[in-house]
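Comments concern the structure below.
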Amino acid sequence: MSSIQPPHYSSLQAAQTSSGAVFDTVNGQHVAIRFGNESAESSTTKLAAAFKNVALFDRSHCSLLEMRGSERLDYLHNQTTNNIKSLSPGQGCETCIVSPTARLIDLVTAYIASDSVLLLASPSDTSAALQSLNQLIAFSDAQLTDVGKQYSVFSVVGPQSEHLLHTLGIALPSISIHSHTHLEATDPPLRIASGTGLAIEGYTLLVPAETAGPLWTALVEGGAIPCGSTIWETLRILQGRPAVGKEISDEFNPLEAGLWHTASFTKGCYIGQETIARLDTFNGVKQQLWGLKFSSPIPAGTTIYVGEQRAGIVTSITTQTVDGCYRGLGYIRTKLGGDGLDILAANTSGKTIDLPYSTRERQPTEKD
């Protein structure tokens, strides 16, 4: 891929260019896909930063929505899978937008503020979250706005994230996952949230777009390793975070996708609730998302077999990892097994592996 300079060259893109960014168009937006050459050795080093040091990702191409109005919590509570009304300002959660039959539309992170809710949704040139949430909003006083162009979104990932942010004078929120705080006195002002969207420690920063460049530079100069969208894609596959158009589609539901932590079984009626309740009550999850490990790359869409039986489908495949294997994601029929299952795809043998991000049962707060 060649480097494409964005037509509206922002201070952030200038700062990223100084870090060696190579841009390309992804979902209609200009994204830093890599920094420097990112050979196999370099990619391994950048992946290691997320687990041992601190890696910096620009996730500004994700959809960012803001909901206001006195009925905003009621509306989101009824339109998504998690218990939104149980949250107070400064708290947050991951929640799914689903169809009436509980088919996945998007996975979003909701940040509850005193007068609004910010929704960090999946990257898209036409936000599925925005379109879906707007369908019934005319019957509420809630208002939904796309504020993505007003903010840049950074993920600071790794065990040294806390130390780095401390050195920059950035006060951290509560350690509770998805807790967040708005730092008005910080230069630049920003909202910082606990959690990275992965099962790796770190923080998410929502920064006014006009001040994002200097903050990016400060984070890199402080020791963060800048990483492009290709490294993020590898990380999300290793972790098992579903992506729109791959693991998130009208073929799958939240429980199949390992998103039990996003579903409330106690809050009462919401869109898709009846289907999700039946799946839980009658052990009806017929397929589940698992990690896949092969000796060569397997295209998405390839059928997976266990012996002679059709077992499922590959949804994502990534580049080689440090052990020389190719890691991917795919759905496997529940009755055939899970972790450690011997599989075959495109005449290549492999195994299923568990995923750090996935949840496969009700969470403690949702037990009856």
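We did not get these values from a lab; they are worked out from the coordinates using the rules stated. All of these numbers come straight from a predicted model, not from anything done at the bench. For neighbour counting, all protein chains shown are included, and Cβ atoms are generated from backbone atoms with ideal geometry for every residue, glycine included.
Quick note on segment 174-297: its Rg to Rh ratio, both from C-alpha atoms and Rh being the Kirkwood radius, is 1.06. Over all other residues within a Cβ to Cβ distance under 12 Å of R103, the charged ones net out to -4, with Lys and Arg as +1 and Asp and Glu as -1.
Only helical runs count toward this figure. For the chain, summing -39,500 (n - 2.57) over DSSP H runs of n ≥ 4 and dividing by all residues gives -5500 deg cm²/dmol at 222 nm. Computed from phi, the 3J(HN,Hα) profile of segment 193-209 under the Karplus parametrisation 6.51, -1.76, 1.60 (θ = phi - 60°) reads 10, 6, x, 10, x, 10, 8, 10, 5, x, 9, 10, 10, 10, 10, x, 4 Hz, with x in place of Gly and Pro. Computed from Cα atoms alone, the Kirkwood hydrodynamic radius reported for segment 72-146 is 12.5 Å. Note on the chain: with a GNM built from Cα contacts shorter than 10 Å, the maximum mean-square fluctuation among S296, S60, S316 falls on S296. Charge dipole (Cα centre; +1 on Lys/Arg Cβ, -1 on Asp/Glu Cβ; no other charges) of the chain amounts to roughly 660 debye.
Amide H contacts of I317: A300, L329, each under 5 Å away and 5 or more positions distant or on a separate chain (H built 1.01 Å from N in the peptide plane; Pro and chain starts excluded).
With the convex hull drawn over the C-alpha atoms of segment 61-104, the volume per residue is 97 Å³.
Once you sort the root eigenvalues of the Cα gyration tensor of the chain as a ≥ b ≥ c, which label holds: rounded (a/c under 1.5), prolate (a/b larger than b/c) or oblate (the other case)?
Taking the square roots of the gyration eigenvalues as a ≥ b ≥ c, the chain is oblate.
Under 5 Å between amide hydrogens, built in the peptide plane, is the criterion, and for Q287 it picks out T334 among residues at least 5 positions away or on other chains. Whole-Hz Karplus values for segment 314-324 come out as 6, 10, 8, 9, 10, 6, 4, 9, 4, 8, x Hz, taken residue by residue from phi with 6.51 cos²θ - 1.76 cosθ + 1.60 and θ = phi - 60°; glycine and proline positions read x. Largest GNM mean-square fluctuation among G28, G328, G148, using the chain with Cα springs under 10 Å: G28. Lysine pair count for the chain (Cα-Cα distance under 25 Å; residues 8 or more apart in sequence or on different chains): 18. Based on C-alpha pairs under 8 angstrom that are at least 6 apart in sequence, the chain has a relative contact order of 18 percent. For the residues G337, G169, G197, a GNM of the chain with alpha-carbon springs under 10 Å puts the largest fluctuation on G169. Karplus-based coupling profile of segment 257-264, in residue order and whole Hz: 7, x, 10, 4, 5, 9, 10, 9, with θ = phi - 60° in 6.51 cos²θ - 1.76 cosθ + 1.60 and x standing for Gly or Pro. Debye calculation, C-alpha points only, no solvent: report log10 I(q)/I(0) for segment 11-77 at q = 0.15, 0.24, 0.29 Å⁻¹, in the same order as the q values. Log-scaled intensity ratios, in q order: -0.65, -1.11, -1.30.
The mean sequence separation of alpha-carbon pairs under 8 Å and at least six residues apart, normalised by the residue count of segment 209-368, gives a relative contact order of 26 percent. Is the C-alpha gyration tensor of segment 239-368 telling us rounded, prolate or oblate? Criteria: a/c under 1.5 is rounded; beyond that, a/b larger than b/c is prolate, otherwise oblate. Here segment 239-368 falls in the prolate category. Is segment 66-213 best put as rounded, prolate or oblate by its Cα gyration tensor, with a ≥ b ≥ c the root eigenvalues, rounded for a/c under 1.5, and otherwise prolate when a/b is larger than b/c, oblate when not? In terms of gyration-tensor shape, prolate. A straight line joining the Cα centroids of segment 44-67 and segment 171-230 runs 9 Å. Rounded to the nearest 5, the antiparallel percentage of DSSP beta bridges internal to the chain is 95%.
Sort 241-247, 82-88, 266-272 for me by packing, meaning the mean count of neighbouring Cβ atoms within 10 Å per residue, highest on top.
Per-residue mean Cβ counts within 10 Å order the peptides as 241-247, 82-88, 266-272.
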